[in-house]
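Taking it in order: structure first as structure tokens, then the write-up.
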Amino acid sequence: MKTYEYAFNVIAYSRFRSCIVFILVFVTTVCIFGTGLFTDNIQNGARLYGTTDTDLYIVPEEYLDSTKDLLFKGKACTIMFRSDVTEKIKEIPEIEKVSPQLYLETLEMSCCSAGGIQIVAYDPKSDFSVSQWTDVSIDISPDEILVGSAGNFSKGETIDLFGRTFKVAGILEETGMGYDSSIFMTYDSANEITSSDEYAYMFGKKKNAVSMLLLRQKTGADMNTIIKKVTDSLEDSRLKVYAIDELASGLRSNIRMTTTMVKTMDIFVLMIAGVSLFAMVTVTSEQRRKTAGSLLSVGYGKNKILRLFFAEYLILFTAGTLLGIGISSVFLFPLHNVFKTLLDMPYKLITVGQGTELLLKTLAVNFTMLVTAVSFTFITVMKKEPAMLTGENV
């Protein structure tokens with residue numbers, strides 16, 4: 001009988017034991033690959049705190065929480081203040097660039113949404129944040145927009161916003177932040193909306209309003225000096241300057257707590273699965289005593305017997321590993337944007353390289369378990385004399 005034919009016959013004959021081994025391997029795979037992918041996506045999103053390429057943010061102190069929710073969680077809001085402080089900030093010699101953004105929340109869209117969509121107006125000429133997430137020219141026309149990766153829009157599609165029709169000029173790369181669910185238009189377009197009579201009840205016919213100023217410091221400039229000068233220039237206004245660490249401090253704590261809880265649960269599940277698998281292998285090795293003795297008595301060599309045992313475990317481990325990876329992928333990848341919304345924190349899909357590393361880690365752990373299981377069974381059985389193997393248990 002061929003090796004794998006024998007292995008399949010044994011699996012079919014010992015269905016209950018085979019199912020237990022298969023389930024234990026499946027559970028360990030989901031714990032390593034599935035939850036690993038989940039926590040790595042969260043941590044990957046957390047690394048994007050500074051990738052708006054911004055050193056300092058100026059926002060109204062009273063809208064700090066709304067700003068955090070917009071940046072890191074994608075919750076839509078409307079924030080507006082006068083832009084007369086912009087020129088004062090530009091005069092500070094340690095600052096290289098100043099880029100304004102304006103945040104507007106839609107009430108309704110004629111295309112496919114009931115509202116609550118975040119509009120981010122930016123100045124293409126001074127922008128250094130939005131442009132890094134797209135290969136589209138930042139000099140888009142007033143009737144064009146950019147959309148985030150989670151917006152479910154296509155390039156070339158038209159969208160009606162505030163009674164105006166815009167064409168999607170490009171899709172931003174995934175950022176892991178609130179940008180993914182936002183729509184980006186030029187300041188000229190936003191000014192037409194906020195200063196119009198039609199939407200005066202919403203925006204008070206404001207023009208050149210600002211929600212946030214993004215600052216980039218010059219190379220070698222002292223951050224504390226910049227913060228002091230910016231604060232002085234703001235005088236007694238309700239605006240305040242924040243470093244990215246200040247904005248993200250609370251969110252970092254939530255991310256650490258979430259990932260720690262998930263990993264702790266993983267450790268306990270892996271321990272239980274590992275002990276259960278070891279117990280199953282121990283029982284199986286004793287049951288195979290007579291099988292090994294019979295095979296030796298009819299001329300099978302020890303290497304051949306090892307291959308028979310290895311083939312059976314290999315089939316079960318391969319099936320459990322593939323199903324675990326498959327179920328995790330089917331569950332996490334299609335629901336990626338759903339998780340991003342539900343988690344209320346930055347969440348970005350890991351790169352192909354990171355995914356490959358996680359896959360190899362999963363395979364390495366399962367292969368180690370496979371070798372351990374086969375080695376324990378083989379050594380336990382083969383250390384006895386052939387005559388003892390075929391005898392009854394005492």
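Residue count for the stretch 1-38 satisfying the condition of being of a type in the set (Ser, Thr, Tyr) and more than 28 Å from the chain's Cα centre (by Cα): 6. For the stretch 155-205, name all the residues that are in contact with a helix residue (DSSP H, G or I) (Cβ under 6 Å, 6 or more places away or on another chain) and either surrounded by fewer than 17 Cβ atoms within 10 Å (Cβ to Cβ) or without any contact (Cβ under 8 Å) to a residue 24 or more places away in the chain (or both). Of everything in the stretch 155-205, just one residue is in contact with a helix residue (DSSP H, G or I) (Cβ under 6 Å, 6 or more places away or on another chain) and either surrounded by fewer than 17 Cβ atoms within 10 Å (Cβ to Cβ) or without any contact (Cβ under 8 Å) to a residue 24 or more places away in the chain (or both), namely GLU173. Of all residues in the stretch 55-75, those satisfying the criterion of being touching a helix residue (DSSP H, G or I) at 6+ places or on another chain (Cβ under 7 Å) and over 19 Å from LEU234 (Cα atoms) are LYS68, LEU70, LEU71, PHE72, LYS73, GLY74, LYS75.
Among the residues in the stretch 306-315, are any basic (Lys, Arg), surrounded by 13 or more Cβ atoms within 10 Å (Cβ to Cβ), at pLDDT 75 or above and not assigned by TED's automatic domain parsing to the domain that holds THR225?
Within the stretch 306-315 (the criterion being basic (Lys, Arg), surrounded by 13 or more Cβ atoms within 10 Å (Cβ to Cβ), at pLDDT 75 or above and not assigned by TED's automatic domain parsing to the domain that holds THR225), the answer is yes, since at least one residue qualifies.
With the requirement that a residue be loosely packed, with under 15 Cβ neighbours inside 10 Å, hydroxyl-bearing (Ser, Thr, Tyr) and either closer than 21 Å to GLY36 by Cβ or under 18 Å from the mean Cα position of the chain (by Cα) (or both), what does the stretch 241-281 give you? SER253, THR260, THR264, listed by residue number. In the stretch 139-154, the residue that is surrounded by the fewest Cβ atoms within 10 Å (Cβ to Cβ) out of those that are under 24 Å from LEU213 (Cα atoms) and of a type in the set (A, V, I, L, M) is ILE140. Restricted to the stretch 319-332, and to residues there that are surrounded by fewer than 17 Cβ atoms within 10 Å (Cβ to Cβ) and in contact with a helix residue (DSSP H, G or I) (Cβ under 9 Å, 6 or more places away or on another chain), the residue that is modelled with the lowest pLDDT is PHE331. Out of SER129, SER66, SER113, one residue alone is modelled with pLDDT under 85, out of contact with any Phe, Trp or Tyr (no Cβ under 8 Å at 6 or more places or on another chain), under 30 Å from ARG164 (Cα atoms) and surrounded by 17 or more Cβ atoms within 10 Å (Cβ to Cβ). It is SER66. Being assigned to a strand (DSSP E or B), modelled with pLDDT of 80 or more, in contact with an Asp or Glu (Cβ under 8 Å, 6 or more places away or on another chain) and not polar (S, T, N, Q) is true of PRO100. One residue alone among THR231, THR194 is more than 33 Å from the chain's Cα centre (by Cα), under 14 Å from LEU56 (Cα atoms) and among the polar types (S, T, N, Q), and that residue is THR231.
The values are calculated or read from the model by the stated rules, or taken from the named source; none is laboratory data. Here the structure is a predicted model, which is why all the values come from computation and not from measurement. Glycine also receives a Cβ, built like all others from the backbone with ideal geometry; neighbour counts cover every protein chain displayed.
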